[in-house]
Each structure stands twice: as structure tokens, then as C-alpha cells.
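Down below is the structure, laid out as C-alpha cells.
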Amino acid sequence: MASHLAARSNEKAMNRREFLWLSSLAAVGFATGCATNPVTGKSQLMLVSEDQEIQIDRQYSPYQFSADYGTVQDKTLNDYVDRTGKNMTVRTHRTHMPYNFRVVNANYVNAYAFPGGSIACTRGILLSVDNEAELAALLGHELGHVNARHTAEQMSKGMLTQTVIGGLAAAVGTQGTFYGNIASQLGQIGAGALLASYSRDNERQADALGMEYMVQSGYSSQGMVGLMDMLQRMGKHQPSAIELMFATHPMSEERYQTAVQTAETKYKAAKTKPLYRERYMDHTAGLRARKNAIEEMQKGEEQMAKQNFAAADPHLRKALKLAPDDYTALVMMSKSQLVQKKWAVGRQYAEMAQQVYPQEAQAYHLSGFAKVQLKDYDEALEEFNRYDQMLAGNPNSYFFKGYCYEGMQQYPQAGREYQRYLQVVSQGEYASHAYRRVREWQAKGYL
Ligand SMILES: [Zn+2]
């Protein structure tokens, strides 16, 4: 719905080269000029081409999906959401875009879109959605952002650059202490910053387009009304659960009223069209079976966000009792243990997470981190290498690989990794450690 993602939940760092490249998009304007907006037909300032939108999407979306604990392993659920979204794309203004829809394992309440058409919703929000028409409204809203080219528009105006710069500065400023503030190490800025800067007008337009697409696809207009009603009620009773989503969009009342009005006027004829509630319930049965576990994780997350890690543990333990194979719960438990410097237990949970979801990268990073702390350098190195194969380009991996080589006294290899790290990150405790070592080894002739 919104795409106002939590920098704190993002595991990946955007590296400096990517960041500079991104800023240059808006600043230098390699593809200057105006383009016709696919939705309005009006000419607008557009510095980002469609190919670039797709490229940005491909480059950043994997980071965000992994930070959100990956795509759900429940194939029935994921295929259903993908199908529901794809069925609507024929009604959009950019039918040729490479759309894909997924449910991610994160528990917070949100949905978001990348500019090339990669769209995700969390299992947290799907638990609160009541029928397929509401799901269509949710995905339709995100399709609206992609079709009206809101991310590209914000980049062209230079708005996004500001956000990215602000976010990066914050990430560098909070970079953790050398021995173990994994919370901030994993909480660095990710792709989410790309998405967090829609204007209020963008949101209104995405709502209008979302409703158009879902009604034209045969759903009742009440789907949008129901969705807005749900979000508004959640905002009143569980503000923490949707805090992220509304962080930049305090307009749920207006959006709800607009949906009610539009359903009564423009789309009055579609009011009695189906909601497909049963179909939604059938396909989300597996997810709803996990509802209690997810609610415990949400409580744990709330504590972790307040840095109350010891208070998070009982909730995470309860969640794992209810759903022992839950990747998100295992990863969260691992993080919580590592922050509390319980390295061996943290490693155990990370390894369990790897077992239940071997294709997902985040647990390898945690496992590697735990093994570094336990001085199992060769095993740690293996973990970081596997992580890199799955999700390349995280500068923290360069640093830790360097640190592993250093632990094994393989200085030329260590120096090479530290130099790679320094090409991307120039400030903070990791950078000064890497810099000191590189200088020292250069002086000794190792490099
Ligand atoms: Zn939005």
C-alpha cells in the first residue's frame, strides 16, 4: 500500500558505488528531457528511462526481499498472489512491464513496488486482508505507483536523492561497534529508501488507479473500501503494527473517505460484483494457521525495535513453539541472541534457519558473523562466500571475509577484501580497522 519501508528492517547495505550511480541519475541527467506519462498522457520531466527503471528494480529488489526474510515457502499462497496481480496487469497502462508479485516472510504490515514492476506484500498485511477484492485493491495500488512512474518521477525531481543521502548518512552514523552491534550492522539502509518518498498526490493517484484496475478486472469496488477501512482501523488500535506504513502517509482518513465516495459514484455499478472471500480464505489457510506465531513475532519485533532484546526472547520462543520451522522466527531469534553476545546460541538459530530455508541469504550472514565471534574463521569464511553467491554486493561481506582471512593470517587475501570494502565504505569502525591493516601490511610488503 505504501512502500514506506523500515530502514531498520533492511539487512543490506547499499554500497557507495551504487549509491553514487543512483545519485548521478538524478543529478547529471544522462537521459534528459520530457516523456509522456503513460497514465495522464501529459508531458512530464523524466530523467529516468524505462530500461533504467527495470535495471534499478533488478538491482535493488533482491536486497529488499531478502531483508524481508525472502519469499514465503508456501507455494500455494505465493502463486495465488502472483496470479491475482498478473490477472490485473492487462488492465494497466503499461501492460508490457515485467511484473511479478510475491509474499515476503516479514511480519510488519506493508506492501511495496519497485519501478520495474516487482511488487511484494508482507504476510503481516495478508493476515489482515479479508477477501480477494481487498488483495486486488492492495496490489492495484502498487500497480498504480508503477504505472504512473512515481519512483522515476521522484528521482527526476531529485527528491529521491535527498532521501538516499539522508538514509546513507544515518546508516554510516550509526554503524555499530566493532565487536558486535549486529543490530545496526544489519539495520543499514537498503533498497527501501528508493521507495519511501512518494508524495501525497502520488498516493492519491495510486489509489485511484488501483481502484480502476481492480474494478475493470471484475472485482467489487467494496474491495478498496474494505482495505482502506482495515488500514484506518489498524491505525487507531495497533499504531505500532503499521507505523512504518504510515510513517510518511498520515492520510488514512482521507483515503478511506475517497474510496467510499468513488465506490458510490464512479464505480457504483461495480458495488455488487464479487469479493471472492472464500477463494481468499482457501489460499491463505496455511498462513492463517500461523497467525498466533506471527503475532508473537510482531510483539518480539516491537521489543527489538526498542532495543529490548531480552524482552523480545519470550515472544520469539513462543512463536517458535507454535511454528518451529519458521525462517523469520529463527532469524529473529538468532539476531536477538547475537546482539546479546550469546554467540553460540545465535549460531545455532542461524544454522536452523539455514536448514529450513537454504536458498535465503540472510541466515548465512548471521551464521558467518557468529562464527567470526567464535573465532571459527575458516567456517565463517565459507558462510560469507555462500552468502555472496546468493546476494552479491554487500560491503559488510567484504569486510568480514577480510576479517576471516586476517584471523587465518592470510594477509594478502585479507588485504584484498579490506581494499574492496574501503572502495565502498570510507567511514566507521570497520573502515578504520580495514584502513589500518591495509597500511600496516603495505608497509610490511604483504600487499
Ligand atoms: Zn502507496
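The values are calculated or read from the model by the stated rules, or taken from the named source; none is laboratory data. Every value quoted in this text rests on a predicted model; they were computed, and no experiment measured them. Heads up, the Cβs are rebuilt from the backbone with ideal geometry, glycines too, and the neighbour counts pull from every protein chain shown. Areas reflect the complete protein model, heavy atoms only, side chains present, ligands, DNA and RNA absent. Shrake-Rupley method; radii C 1.70, N 1.55, O 1.52, S 1.80 Å.
Some values worked out for this structure:
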| quantity | calculated |
| --- | --- |
| ³J(HN,Hα) computed for each position of the range 422-433 - Karplus, 6.51 cos²θ - 1.76 cosθ + 1.60, integer Hz, glycine/proline x | 5, 5, 9, 10, 10, 10, x, 5, 5, 4, 6, 4 |
| Peptide ranges 79-89, 364-374, 274-284, 138-148 listed from the most packed, as the mean C-beta count within 10 angstrom indicates | 138-148, 364-374, 79-89, 274-284 |
| Under the Karplus curve 6.51 cos²θ - 1.76 cosθ + 1.60, θ = phi - 60°, whole-Hz ³J(HN,Hα) for the range 400-414, x wherever Gly or Pro sits | 5, 5, x, 5, 5, 4, 4, x, 8, 6, 9, 5, x, 5, 4 |
| Under the Karplus curve 6.51 cos²θ - 1.76 cosθ + 1.60, θ = phi - 60°, whole-Hz ³J(HN,Hα) for the range 276-292, x wherever Gly or Pro sits | 6, 6, 5, 4, 5, 4, 4, 6, 9, 4, x, 5, 5, 5, 9, 3, 4 |
| Probe 1.4 Å, accessible area per residue of the range 275-360, Å² | 50 |
